[in-house]
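Read through the structure below, which is laid out as structure tokens, and then see the notes.
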Amino acid sequence: MAGRGRGMAGRGRGMAGRGRGTALGPDERDNIRVQLDVLQDRLDEQRAILQSLAEANAEDQARIAQDGPALQETAQLLADTEVVLQEARENYERVAPAPAPPISPETAPATAPAPAPEALRVPAAAAVAARRP
């Protein structure tokens, strides 16, 4: 059992480098108090920052929740508009004559082209509104 506990004097229990039972002096206690105060201040600052971030996050989530239905409605309107435009393109391709050869400035007609057929003049917004129940 010789050597038991050798080299362990002063280790553990927060007294590194001190012998057992050696009391802290007043200056050392004051230094520890100052360090604890600094750490407490930092902890309070970090808690305030965390609270601020949590509040901002909650506000962002509420805003996103409010924006969601409007964004879904806009997406549906765009999808409906795309369908109407595709139908208009298909109607135009069915009724439009074959493309004419390119016109040079010398052979261009002096009058404006004929208006589009009635089926193609329906505004996209009116067509979308007509499709809704």
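Of note:
- Asp37 vs. criteria of a type in the set (D, E, K, R), modelled with pLDDT of 95 or more and open to solvent by less than 100 Å² (accessible area, probe 1.4 Å): yes
- Any hit, the range 16-32, residues being at pLDDT 90 or above, of a type outside the set (D, E, K, R) and outside any loop (DSSP other than H, G, I, E, B): yes
The values are calculated or read from the model by the stated rules, or taken from the named source; none is laboratory data. These numbers were taken from a predicted model, which means no experiment stands behind them. What goes into the accessible areas is simple: the full protein's heavy atoms, side chains included, and nothing from ligands, DNA or RNA. Shrake-Rupley method; radii C 1.70, N 1.55, O 1.52, S 1.80 Å.
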